[in-house]
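Remarks on the structure that follows.
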Amino acid sequence: MAVYPCDMNGHRYAAAQQSLYVTICKNGDTFTHKLRLCPMHMDIELGLIRGLMKPLEDMLEAGMVCDSCGARTEAIIFAKVFLPKQEPLQYVSDRCGGCQIELTNRLQIGNGRAL
Ligand SMILES: [Zn+2]
Ligand SMILES: [Zn+2]
């Protein structure tokens, strides 16, 4: 039984907690949000992340263009996914300013806690 409610809508659940860390590197600053999630909401997040970002091990170097629209990169977003009894999964995306906001809005990182 998780100690904390799920960050997506504050509901309680009887399962192991899963954690998602989303870090935004922009203009030399770094911001991280942590979300504590139930298995169902983590599944939804992971689906979005897999569709919108790329595995970190596929990144050779920071890209110069936005993964989404091809404009100049203004931010790099990292997602680190902690599932029970697994090594963390890591994803990354190069984004222009507008597409960075779109991505972090879709991931609803505002529901989590800024570290
Ligand atoms: Zn949930
Ligand atoms: Zn873009």
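Any read-out appearing in this document is the output of simple, stated calculations on the displayed coordinates, not a laboratory observation. Fair warning: this is a prediction, and the values are worked out from it, not measured in the lab. Ideal geometry is used to build each Cβ from the backbone, glycine not excepted, and the neighbour counts take in all protein chains shown.
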message: Which aspartates and glutamates, if any, have their Cα less than 17 Å from the Cα of Lys80, not counting same-chain residues under 8 positions apart?
response: Asp7, Asp43, Glu45, Glu57, Asp58, Asp94
query: Per residue of the chain, what 222 nm ellipticity follows from adding -39500 (n - 2.57) for every DSSP H run with n ≥ 4, rounded to the nearest 500?
result: -6500 deg cm²/dmol
task: Treating only the Cβ atoms of Lys and Arg (+1) and Asp and Glu (-1) as charged, compute the dipole magnitude of the chain about its Cα centre; round to the nearest 20 debye.
output: 400 debye
query: For the chain, modelled as a GNM with alpha-carbon contacts under 10 angstrom, which of Ser68, Ser93, Ser19 fluctuates the most?
result: Ser68
statement: Most packed first (mean Cβ within 10 Å per residue), the peptides 22-35, 71-84 order as 71-84, 22-35
- prompt: Can you tell which of Gln100, Ile76, Ala14 lies farthest toward the positive end of the dipole of segment 5-109, using +1 and -1 charges on the Cβ of basic and acidic side chains (Lys, Arg; Asp, Glu)?
  reply: Ala14
query: Build a GNM of the chain with springs between Cα atoms under 10 Å: which of Tyr21, Tyr91, Tyr13 gets the top mean-square fluctuation?
result: Tyr13
message: From the Cα trace of the chain, what convex hull volume per residue do you get, rounded to a whole Å³?
response: 96 Å³
field: For segment 52-115, Kirkwood radius (reciprocal of mean inverse C-alpha pair distance, Å)
entry: 12.5 Å
- request: Could you work out how far apart the two model spin labels at Tyr13 and Lys85 are, taking each label as a point 7 Å from the Cα in the direction of the beta carbon, and quote it in nm?
  value: 1.8 nm
- prompt: From largest to smallest, what semi-axes in whole angstrom does segment 13-71 give when each is the square root of 5 times an eigenvalue of its alpha carbon gyration tensor?
  reply: 26, 15, 10
field: In nm, spacing of pseudo-spin labels at Arg106 and Asp58 (7 Å Cα→C-beta vector)
entry: 1.4 nm
